[in-house]
1. Once the Cα gyration tensor of region 94-178 is diagonalised, what are the square roots of 5 times its eigenvalues, in whole Å and ordered largest first, as equivalent ellipsoid semi-axes?
2. Tell me the per residue accessible area of the chain using a 1.4 Å probe; a whole number in Å² is fine.
3. Give me, ordered by chain and number, the residues 5 or more places off Thr339 or on other chains with an amide H under 5 Å from its own placed amide H.
4. Calculate the tail of P(r) for region 29-119: the fraction of all Cα-Cα distances greater than 19 Å, expressed in %.
5. Of the peptides 353-360, 309-316, 222-229, 94-101, how do they stack up when ordered by the mean number of other Cβ atoms within 10 Å, highest first?
6. Where does each of 247-253, 11-17 land if you order them by average Cβ count within 10 Å, highest first?
7. In deg cm²/dmol and to the nearest 500, what is the mean residue ellipticity at 222 nm of the chain if only DSSP H runs of at least 4 residues count, each as -39500 (n - 2.57), divided by the residue total?
8. Can you give the angle from 0 to 90° between the axis of helix 259-270 and the longest principal axis of the chain, with both taken from C-alpha atoms, to the nearest 10?
Amino acid sequence: MTSLTELLTRHTGDVPGAVALVARGDEVEAAAVGSADAGGTVPMARDSLFRIAALTKPITAAAVLLLADDGELALTDPIARWLPELAAPVVVRTPAGPVDDVVPAVRPVTVADLLTFRCGYGLAEDMTSPALDLLLQVLGHPAASPRALTPDEWLAALAQVPMLNQPGQGWLYGTGSDLQGVLIARVAGRPLPEFLAERLFEPLGMTDTGFTVPTAALGRFTSAYRRGEAGLRLADSPEGRWSAPPPFPSGAGGLVSTADDLLAFARFLRDGGTAGGHRLLTRESVHRMTTDHLTPAQRDVARPFLNGQGWGFGVSVDVDPKHPWESPGRCGWVGGAGTAWHLVPSTGTVSVLLTQVELTSPEPTPLMKEFWTYAAS
């Protein structure tokens, strides 16, 4: 049978390097192949640091649920209680219509709307929508460059953009997680990085996860690449964007992490919200997070992003398996930086794949599909 190392090695022509692990119970198979740096002089290692991009989203959602379990908020609460900038949102009459043809939101946006990505803000299949174009103009595309806005400035800018859908109506990608990050900071009364470090990363032993890479760890931080017509080009170096604290710590895609830190987070969910014998989340919150909340019609509209899967809180959820790697209830997500993380609650299987090459579409890469098939075998 092919080993994990052999599987990754077959794809070194597509990615300069990769780290992967598959955990079944207490048994963990891990592999690291290729180079971590642009010069090809630093070998990839199991503890190499990666920009995990959208794998930040499940972590942010779990932090919102920590506040819910603390009684600091309820999922049914209107977010305007803490985000008054969004107290009176308007919605474009039709997604393809002009941005000044709007109607009032029929009800307030709730915390649950943010978690399920049905808050009216976010990316849609039709990227030509005037309202979506305005969203990207005002806020900047998440993958394009570091955001210079502070969270307060970002929220003020978002308040000037009409929503694409009425609250609860349709699934839109991404912005809900950034809103969750701002919400967490305001409810907790402290910055998002500080809250995540104290309430999640420290209890789970996720010592390498954060919004900044310390100077002492830069030697383990991988280079990032973008694919173009001439092949791969450097998108960010270890001394680049993550060498200093960001003005806007993105709850949608701002974290760096390692394969073992992501394994620790997955095991925390696998074990019903406990870590090291201590309960951090209630089982009910973990169940809500890893359960599909979309209607069939909403899943169909979201198909370009979800590929037929459902959506929990920050994670996709397999509801109608069509591929060898899918199974009912399997949850996780894929990051635009070339990363993937999944958990099968029924078996406890965890799979983590970290590469350095940005994706060019929501379609999984051949390496991802082969890795997921391997993990499911």
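The values are calculated or read from the model by the stated rules, or taken from the named source; none is laboratory data. Keep in mind that what you see is a predicted model, and the values were worked out from it rather than measured. So basically every Cβ, Gly included, is an ideal-geometry build from the backbone, and we count neighbours across all protein chains shown. Only protein heavy atoms, including side chains, enter the accessible area calculation; ligands, DNA and RNA are left aside. Shrake-Rupley method; radii C 1.70, N 1.55, O 1.52, S 1.80 Å.
1. Each semi-axis is √(5λ); the values are 19, 16, 13 Å.
2. Numbers: 15190 Å² over 377 residues.
Here the per-residue accessible area is 40 Å².
3. Thr355
4. On the way: 2551 of 4095 pairs.
Tail fraction, whole percent: 62.
5. The packing order, highest mean first, is 309-316, 353-360, 222-229, 94-101.
6. Result, highest mean first: 247-253, 11-17.
7. Computed ellipticity for the chain at 222 nm equals -7500 deg cm²/dmol.
8. That helix lies at roughly 60 degrees to the long axis.
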